[in-house]
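Presented below is the structure to which this report refers.
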Amino acid sequence: MGPAAVLRFRILRSHRVGGRLMANTLTRLLKLGALYAAAQQGFAFAYLASRNVRQSLASEQNTAPRGVIYEHTERYDAYTVTRRIEDGIERLTYTPHERKFDTPIIMQHGMWHGAWCWDGWQALLATWGWESHAHSLPGHAGSLPQKPIWLCTLDYYLSFLVDEIKRMPVKPVLMGHSMGGALAQWYLRYVSDDLPATILVAPWAAYSVIADGFWPMVKRDPLVLPLSMLSWSAGNWVRNPQRAKEALITEGARLSPQELTAHLSNESILAVYQHNPPFWSPPQLVQTPMLLLSGQRDAIVTLNGHKRMAKLYNADHRIIANSGHNLMTEASYQQTAQIIHDWLVEQRVN
């Protein structure tokens, strides 16, 4: 065997050895990843199984320092806007100069969002005579974080929604978007079913957010599942402007994908898990009048899930044409706000 043949033999042998080492290393890494994911999911399910909603509501969850740390008021022609951060919670209040309705509206944002997402609707509703109050959950927008976001659950968030409703002088209309729509359903089941009205804006479906929304997202973005499981974060769903656009908005939205992404916060995957059996089942025979709004092009929840939900809750169901998940920031936001106003008047909410 000549020198050249010997050299080729050694190169081939080194390639084979290197290939086997790489394959063995990759196999070990995959096994470790699988074990980590299994242990992580086991902890998540055990943690959620240990949650007691009524105990969470009975105990004080707001551990932020007391007092006002920020307040700013601006007066416009038809209304006044106050942004305040008090006891760690950011609130945006739109007060009409000519109040035509005594019932206030509480607005609960969804995953990744904050009080900021309602400003377009708040301005329109104030012009029409409605007072509205939007707040940000802990760790979202201007509200102070009070526990690691990956440990936040729906029952934890629900306690803050209950606090906001208790602040009102009369029972308010409750409006919730996406995860906020899930929290509105949790309120009806665990707290009270005697509100003047509830408006669910592209809400998580009644039975299972995974069955009626998560899998279509995984098909569109296969990295969502492994990234969410490894990081315990639902923030990966909107990890860049392109993904945020695909999930939340359509062309012509009030915010560009870049502007939208700059506003978004992280979110716990535990909250997503919790709105599914065996941790959740929807309330039955709901008495509170309900308006359910769906975006025709929603990429987070399915229309079929919303149709089943409307039937379960005996809700008035309106599908907003050519609109995505963030109905309050879509190009159609004014028309949708008009639908809300007209429906509330039809329900004789004063």
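The values are calculated or read from the model by the stated rules, or taken from the named source; none is laboratory data. Please read all numbers here as calculations on a predicted model, not as lab measurements. With ideal geometry, Cβ positions are generated from the backbone for all residues, glycine too; neighbour counts draw on all protein chains shown.
Of the strands (runs of 3 or more DSSP E) lying entirely inside region 78-137, the ones with 1 or more residues being within 18 Å of residue 171 (Cα to Cα) and touching a residue at least 40 places away in the same chain (Cβ under 8 Å) are found at 89-96, 105-108, 132-135.
So is residue 286 in a loop (DSSP other than H, G, I, E, B), of a type outside the set (Ser, Thr, Tyr) and within 18 Å of the chain's Cα centre (by Cα) or not? Criteria not met by residue 286.
The residue that is farthest from residue 310 (Cα to Cα), among those in region 186-232 that are among the hydroxyl-bearing types (Ser, Thr, Tyr) and at pLDDT below 85, is 231. Against the definition (surrounded by fewer than 16 Cβ atoms within 10 Å (Cβ to Cβ), assigned to a helix (DSSP H, G or I) and of a type outside the set (D, E, K, R)), how does residue 242 come out, yes or no? When the stated conditions are applied, residue 242 passes them.
Scanning region 125-169 for residues that are closer than 25 Å to residue 76 by Cβ and surrounded by fewer than 22 Cβ atoms within 10 Å (Cβ to Cβ) yields 127, 128, 129, 131, 141, 142, 164, 167, 168, 169.
The residue pairs whose first member lies in region 294-306 and is not assigned by TED's automatic domain parsing to the domain that holds residue 182, whose second member is of a type in the set (Lys, Arg), and whose beta carbons are closer than 9 Å, counting only pairs six or more residues apart or on different chains, do not exist in this structure.
All conditions in (1) closer than 13 Å to residue 141 by Cβ; (2) of a type in the set (A, V, I, L, M, F, W, C); (3) surrounded by 20 or more Cβ atoms within 10 Å (Cβ to Cβ) hold for residue 121, with the sole exception of (1). Filter region 289-317 for residues that are over 20 Å from the mean Cα position of the chain (by Cα) and aliphatic (A, V, I, L, M); which is farthest from residue 49 (Cα to Cα)? Filtering region 289-317 for residues that are over 20 Å from the mean Cα position of the chain (by Cα) and aliphatic (A, V, I, L, M), the one farthest from residue 49 (Cα to Cα) comes out as 315.
Taken over region 128-151, the residue count meeting the criterion of being within 19 Å of residue 116 (Cβ to Cβ) and touching a Pro at 6+ places or on another chain (Cβ under 9 Å) is 9.
The condition (being part of a helix (DSSP H, G or I), surrounded by fewer than 24 Cβ atoms within 10 Å (Cβ to Cβ) and out of contact with any helix residue (DSSP H, G or I) (no Cβ under 6 Å at 6 or more places or on another chain)) is satisfied by just one residue among 297, 308: 308.
Condition first: at pLDDT 95 or above and of a type in the set (A, V, I, L, M, F, W, C). Now tell me which residues in region 248-270 satisfy that. Answer for region 248-270, where residues must be at pLDDT 95 or above and of a type in the set (A, V, I, L, M, F, W, C): 248, 249, 253, 255, 260, 262, 264. Taking region 149-206 as the range and being of a type in the set (Val, Ile, Thr), touching a strand residue (DSSP E or B) at 6+ places or on another chain (Cβ under 8 Å) and either outside any helix (DSSP H, G or I) or not assigned by TED's automatic domain parsing to the domain that holds residue 299 (or both) as the test, the residues that pass are 153, 173, 198, 199, 201. The residue list 36, 47 contains one member that is within 23 Å of residue 233 (Cα to Cα), at pLDDT 75 or above, of a type in the set (Phe, Trp, Tyr) and surrounded by 12 or more Cβ atoms within 10 Å (Cβ to Cβ), which is 47.
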